[in-house]
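In what follows, a structure is listed as structure tokens, so that the remarks can point back to it.
The values are calculated or read from the model by the stated rules, or taken from the named source; none is laboratory data. All of these numbers come straight from a predicted model, not from anything done at the bench. Methodologically, a virtual Cβ is constructed for each residue, glycine included, from the backbone with ideal geometry; neighbour enumeration extends over all protein chains shown. What goes into the accessible areas is simple: the full protein's heavy atoms, side chains included, and nothing from ligands, DNA or RNA. Shrake-Rupley method; radii C 1.70, N 1.55, O 1.52, S 1.80 Å.
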Amino acid sequence: MPVSTSDFKPGLEGVVAVETEIAEPDREGGALRYRGVDIEELVGRVRYEQVWGLLVDERLEPGMPDPEPYEPPGLTGAAPADAQAEIARLSGVWGLRKLTEISDEEARDDLARLSAQVMAIVARSARVADGAEEPVPDEVVAAGASAAEKFLLRWRGVADPRHVTAIDTYWICTAEHGLNASTFTARIAASTGADAGAALSSAIGTLSGPLHGGAPAHVIPMIDEVAAMGDPERYVVELLDKGERIMGFGHRVYRAEDPRARLLRRTAEELGSPRVETAKALERAALSELSRRHPERVLATNVEYWAAVVLDVAEIPAALTPAMFACARVAGWSAHILEQKRVGRLIRPSARYVGPGPRPLASLA
Ligand code: COA
């Protein structure tokens, strides 16, 4: 079938590239449902590892397993680079077979082992970044009652219950969100028949930029500047006048408030974040100035604004926030990799060539 070049959309906005039974946010932003279940119902009732089960297996149990013993050899303390490298390496260490060579059940089990390992590697990498040389003893980590608690124990050796709730809630809210950049990347890799480790590490690689998963790192410094300055309205006007974007606002899909932002704002309030009042004042100022400057478009609060405040409750350093997002999204990525495996069709879109016409090599001289 000939490709219509008039259909070209930079950024592929609105282009339907796959059909999915996992989740897709509705534009009006009313709700986000995983396999039909509203995330409002999940938070506080089930743990992240069960949400992994819901997304991947369509049932809560057995969910994501505990990570098996593995000593990552080359941690640098820079996550998610450590997670990307180590997950790619595990394909070789564990001898993972290609998605085209194994059953759906075997692929699911590979993804479960790898997902659990992403959490362990990020925790270990964060510990290296803190300057701790020795890993926390296994029996200390094993005492944790949830993936979030074990994550904190593996990182710091202790787990404050408020920190556990903050991380578990953040992970649940960001476990899956349809065909965003990292998930699309995971599906593209899976469509070639790559092994599960290659597909997951490809997805992790897309998280280093500030436009997908990286915004929380910029939000807390912004809130602190506003607190120091004491004038959120002036802060917003000056930032926008410089041509900069306000991190944590706007969304490619939602044309209303992101439901995850609503849930995480509530969590930040419930957990008593000391930054809530300044964050709310900055949010009000940003929303009002963005709607004044862009009356043609809804620019509302997105997930990453309030995610930053919730992660701050758990004392997550800004540099670690993309890796925290990677931990959360292993569920969505795994579900999509399996779905793509079942589709079994190579993803290969077209490009419209707009470069120079035919010319001789000599013309370059
Ligand atoms: N601050 C200021 N202006 C913003 C803005 C923001 N956060 N988000 C969008 N805009 C403006 C753009 O400058 C653009 O204005 P212009 O047409 O005058 O140039 C207009 O709104 C449309 O933006 P566009 O880049 O087309 O939107 P998009 O759908 O491609 O982008 C995001 C979506 C998320 C990448 C974008 O809103 C953004 O960069 N937000 C900040 C980063 C962020 O929070 N990322 C986390 C996303 S969950």
Task: Those trypsin sites (Lys or Arg not before Pro) in segment 42-72 that DSSP places in a loop and that have at most 14 other beta carbons within 10 Å - done: 45, 59
Task: Carbon + sulfur, % of accessible area of the chain - ligands and nucleic acids excluded, 1.4 Å - done: 53 percent
Task: Solvent exposure, largest accessible area first (probe 1.4 Å, DNA, RNA and ligands not counted), of 298, 226, 16 - done: 16, 298, 226
Open item on the list: Along each principal axis of its Cα atoms, how long is the chain end to end? Whole angstroms, biggest number first, please.
Closed with: 62, 55, 49
TODO: In whole angstrom, note down how far apart the Cα centers of segment 261-299 and segment 134-181 are.
DONE: 26 Å
- [ ] For segment 47-83 and segment 218-250, compute the distance between their C-alpha centroids and round to whole Å.
- [x] 35 Å
Open item on the list: Check which residues have an amide H placed less than 5 Å from residue 249's amide H, if you skip close sequence neighbours.
Closed with: 302
Task: Inter-probe distance in nm under a simple model that places probes 7 Å from Cα toward Cβ, at residue 160 and residue 238 - done: 3.1 nm
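Any chance you could list the semi-axes, whole Å, largest first, of the equivalent ellipsoid that the Cα gyration tensor gives for segment 271-319, using √(5λ)?
25, 12, 7
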- [ ] Report ³J(HN,Hα) in whole Hz for each residue of segment 165-182, in order, from the Karplus equation J = 6.51 cos²θ - 1.76 cosθ + 1.60 where θ = phi - 60°; Gly and Pro get x.
- [x] 4, 4, 5, 4, 5, 4, 4, 5, 5, 10, 5, 6, 7, x, 8, 6, 4, 6
Open item on the list: Taking the Cα centroid of segment 111-132 and of segment 325-351, what is the distance between the two, rounded to the nearest whole Å?
Closed with: 22 Å
Task: Shape call, segment 215-313: gyration tensor on alpha carbons, a/c limit 1.5 - done: oblate
- [ ] Filter the trypsin sites (Lys or Arg not before Pro) in segment 219-290 down to the DSSP loop ones having no more than 10 other Cβ atoms within 10 Å, then list what survives.
- [x] 242
- [ ] Note down the nm distance, to one decimal, between modelled labels 7 Å out along Cα→Cβ at residue 78 and at residue 364.
- [x] 3.2 nm
- [ ] For segment 308-359, run through the trypsin sites (Lys or Arg not before Pro) and keep only the ones in DSSP coil with at most 12 other Cβ atoms within 10 Å of their Cβ.
- [x] 345, 352
Open item on the list: Helix-only mean residue ellipticity at 222 nm, the chain, DSSP H runs n ≥ 4 weighted -39,500 (n - 2.57), per residue, nearest 500. What is it?
Closed with: -16500 deg cm²/dmol
